[in-house]
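The values are calculated or read from the model by the stated rules, or taken from the named source; none is laboratory data. Keep in mind that what you see is a predicted model, and the values were worked out from it rather than measured. Every residue, glycine as well, gets a Cβ built from its backbone with ideal geometry; the counts of neighbours run over all protein chains shown. Protein only, heavy atoms only, side chains kept; ligands, DNA and RNA dropped before computing areas. Shrake-Rupley method; radii C 1.70, N 1.55, O 1.52, S 1.80 Å.
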Amino acid sequence: MADGYKVAVVGATGAVGTEMIKILEERDFPVGKLVPLASQRSVGRTVEFKGESIPVKVLDKDSFRGVEIGLFSAGGTVSKEFAPVAAAEGCVVIDNTSAFRMDKDVPLVVPEVNANRIREHKGIIANPNCSTIQMVVVLNPIHRVARIRRIIVSTYQAVSGSGLKAMDELTEQVRQLFQFKDPVVKVYPHQIAFNVLPHIDVFLDNAYTREEMKMVNETRKILEDDTIRVCATAARVPVFYGHSEAVNIETEKKIGPEEVRHILMNAPGVAVEDNPEHNVYPLAIYAAGKDECFVGRIREDLSSDNGIAMWIVSDNIRKGAALNAVQIAEYLVRS
Ligand code: NAP
Ligand code: 3JM
């Protein structure tokens, strides 16, 4: 690969794809040729990469000839159809959608936690859901020391997690409301401006949403422990970038907040911001554009004998999607 890898970005014009291309450049990933792919809607558009304007191509079955790495973020339907096509051409697919995450043969990877699983891939590697990624980056080091038995998590998720249209909708609704007009509601089932929606993705038969069940099932798969009990409530908030999470854990071995803080200060990908006396705790507006998973408000859970409560924030488009995918690609090319 003297001249670098041929890398396709599927969904190159979207919120995640755009960030993916930016991160490939920022981290100087060895790209020989970048192939930006999107739908018919993007014909005539270009993406900027290392000072070059590269025309976006329409995704089709022939898009993956000679492509070595495929970064997919164009929704589950596109991945289901085209990831196997790419893999059959010898391309290693890193898929950002939920299409293959729970497949037995597909590693579900957060490099800080289970990079060792990358080499087991059979052509497709899955990137977890954004809310799962930031939670397991912080919880895994605690789990290794004290064995987590139960997790209760409530999320406060940014609109960028639903793509560019959702960000436009929040902007437009704020504008409309300040002009005393009725807000136009299209992307979400209700107005998102100045509101909180306890509803992300579709409702399932068990009364949880699919987003909530992603957190349950993906956490167990990544931490490789199906006995961990997880209860999630996922809410959408009118924030542009950065998911926040209130997380309560119960551990087998009793562990105090000081020890948790110490463990997390030395954990990869984690930044502890925990000085309540000076109003220091993680905030979405400061996590936006950064790579780390920020954690603070670390304290004893007063409702449990072996419990810890904390507040975790990370940029959902970076570590929650694009950065995690590029980190996986970096492991691939290193091995
Ligand atoms: P977005 O801003 O709406 O962008 C969607 C992208 O997919 C656009 O580039 C769009 O191209 C392309 N696309 C849509 N339908 C296509 C088709 N039939 N063929 C080819 N390209 C198509 O959405 P986003 O926020 O970037 O998210 C994209 C996907 O990534 C999501 O659906 C989700 O599955 C996944 N995602 C994962 C995470 C995570 O937690 N890991 C986070 C966010 C999103 P056009 O511009 O041509 O329409
Ligand atoms: C984040 O296929 C689709 O409609 C995409 C839905 C979606 C997902 C998903 O399920 O892949 C939107 C935003 C995710 C995700 O990361 O799970």
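In table form, for the structure just shown:
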item	result
Per-peptide average of other Cβ atoms within 10 Å, ordering 149-161, 4-16, 117-129 highest first	4-16, 149-161, 117-129
Span from the the stretch 21-73 Cα centroid across to the the stretch 239-265 one, whole angstrom	37
Principal axis dimensions, the stretch 31-159 - Cα atoms, whole angstrom, descending	53, 33, 28
Set of lysines with alpha-carbon distance to residue 253 below 24 Å, sequence-local pairs under 8 removed	221
Gained length - residue 77 relative to residue 60, 0.36 nm times residue gap less alpha-carbon distance	4.8 nm
Eligible lysines near residue 165 by straight Cα distance, threshold 27 Å, same-chain separation 8 or greater	22, 50, 57, 61, 80, 181, 186, 214, 290, 319
Placed amide H near residue 93: partners under 5 Å, 5+ positions off or other chain	70, 124, 125
Projected area, mean over directions - the stretch 97-219, Cα convex hull, nm²	9.6
Nonlocal amide H pairs with residue 280, under 5 Å, H built at 1.01 Å	275
Solvent exposure, largest accessible area first (probe 1.4 Å, DNA, RNA and ligands not counted), of 213, 102, 310	102, 213, 310
Peptides ranked, highest mean first, by Cβ atoms within 10 Å: ranges 227-239, 181-193	227-239, 181-193
Set of aspartates and glutamates near residue 254 by C-alpha distance (under 13 Å), chain-local residues within fewer than 8 positions excluded	300, 301, 305
Modelled FRET efficiency - R0 35 Å, residue 204 with residue 171, Cβ distances, 0.05 increments	0.70
Furthest towards positive pole of dipole, 237, 304, 281, structure part the stretch 215-335, Cβ charges	237
Accessible surface ranking that places the most exposed of 286, 281 first, with a 1.4 angstrom probe	286, 281
Per residue, the convex hull volume that the Cα atoms of the chain enclose (Å³)	156
Inverse of mean 1/r across different Cα pairs in the stretch 248-331, Kirkwood, Å	13.9
